[in-house]
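The values are calculated or read from the model by the stated rules, or taken from the named source; none is laboratory data. Note that the structure is a prediction, hence the values are computed from the model and not measured. Don't worry about glycine lacking a Cβ; one is built from the backbone with ideal geometry, like all the others, and counts go over all protein chains shown.
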Amino acid sequence: MNRQLISSLLALFLTLSLFGGTALAAGGVQYRAEPATPLAASRLIIKEIVWKCGAGGCVAPQGNSRLAIDCSALVRQVGSLRSFVVNGVALDPAALEKCNARAR
């Protein structure tokens, strides 16, 4: 009985470690942004989107507005961005430049 319990727990642990991380990542973070200048704030609320920021940049769930509006709202608050990624796909240089044109 003990071996069966240990085997079941081990199988559960392996399943969660293999698939749990992807499920969590896919469910919560759709925006990733790297400001050109590091931020002092660890949490920003911009256009009803809660951005969590750290040394590696900022992450947030995707908002209800168009991507261009959300990106522009972010750069108005934090300044120019080095990158802006939506669902794992980075904005192309022209789109990022257009977004950064709205920086403060």
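Tabulated data
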quantity	calculated
Residues (exposed (fewer than 12 other Cβ atoms within 10 Å of the Cβ) and more than 13 Å from Ile69 (Cα to Cα)) located in the stretch 86-104	Asn87, Gly88, Val89, Asp92, Pro93, Ala94, Glu97, Arg104
Qualifying residue in the stretch 70-85 (condition: surrounded by fewer than 14 Cβ atoms within 10 Å (Cβ to Cβ), of a type outside the set (D, E, K, R) and modelled with pLDDT under 95)	no
Those residues of the stretch 49-104 which are within 11 Å of the chain's Cα centre (by Cα) and part of a helix (DSSP H, G or I), in sequence order	none
Selection status of Ser42, modelled with pLDDT of 95 or more and among the polar types (S, T, N, Q)	no
Filter result (of a type outside the set (A, V, I, L, M, F, W, C) and in a strand (DSSP E or B)) within the stretch 39-48	Arg43
